[in-house]
Amino acid sequence: GGPGIVKLAAGSAAGWFLGGKIHAKRTVTKLKKKHAQERAAFVQLYREQVGALQEFNKESARIIQAMESSIIARQNGVPAEIDTVPFFMADTDGSKKISKHEFDKYVREYLMNYPGLKPEDIPRWENFDHDHSGQITFDEYNQQMAKEIMKAQYRAAKG
């Protein structure tokens, strides 16, 4: 029985070694696949978060620009009662004029931020576009806001 046992032991050892190699290769393949999926998910999350941060930075820059423009308007004599920030916030393309699209978008966002307000609480496009040019200029905005302030003061005094 000597040589048979040696053959059996050698065969068993070879089988054990080969089985271990196959099992290890399968495990490595599974781990690589799992790692690739986790990495892809991480990269996707990273891209989404960077995109959100870039949007936030863009919106912050727009707000800062609106505030700066409002300060310049004050320095140029616009009365303190007239809030000029909404004009510059609505002027998303920086043209110093508000298009109908920009106006509608601003009103929608404003109403979403102030759920107690109704569309009829906000002056309509037609109230601002005095010359019917299809755009609201800074002067038209200021004129209409002065009228809106007077209306509000009249209602407050009456009521």
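The table below lists the values:
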item: Qualifying residues in segment 120-144 (those that are assigned to a helix (DSSP H, G or I) and modelled with pLDDT under 90) - the one nearest to VAL85 (Cα to Cα); result: ASP121
item: Close pairs (9 angstrom Cβ cut-off, 6 or more residues apart or separate chains): at positive phi in segment 83-95, open to solvent by 30 Å² or more (accessible area, probe 1.4 Å) and among the polar types (S, T, N, Q) anywhere; result: GLY94/GLN65
item: Of all residues in segment 89-114 being open to solvent by 90 Å² or more (accessible area, probe 1.4 Å) and outside any helix (DSSP H, G or I), the one that is nearest to SER70 (Cα to Cα); result: LYS96
item: Any hit, segment 54-74, residues being of a type in the set (A, V, I, L, M, F, W, C), at pLDDT 90 or above and surrounded by 10 or more Cβ atoms within 10 Å (Cβ to Cβ); result: yes
item: Residues within segment 136-159 that are open to solvent by less than 70 Å² (accessible area, probe 1.4 Å) and under 20 Å from MET89 (Cβ atoms), tallied; result: 11
item: Within segment 115-135, considering residues that are out of contact with any helix residue (DSSP H, G or I) (no Cβ under 8 Å at 6 or more places or on another chain) and small (Gly, Ala, Ser), the one surrounded by the most Cβ atoms within 10 Å (Cβ to Cβ); result: SER133
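The values are calculated or read from the model by the stated rules, or taken from the named source; none is laboratory data. What you are looking at is a predicted structure, and each value in this text was computed from that prediction instead of being measured. Because the Cβ atoms are built from the backbone with ideal geometry, glycine has one as well, and the counts that use them run over all protein chains shown. Just the protein is used for accessible areas: all its heavy atoms, side chains included, with ligands, DNA and RNA removed. Shrake-Rupley method; radii C 1.70, N 1.55, O 1.52, S 1.80 Å.
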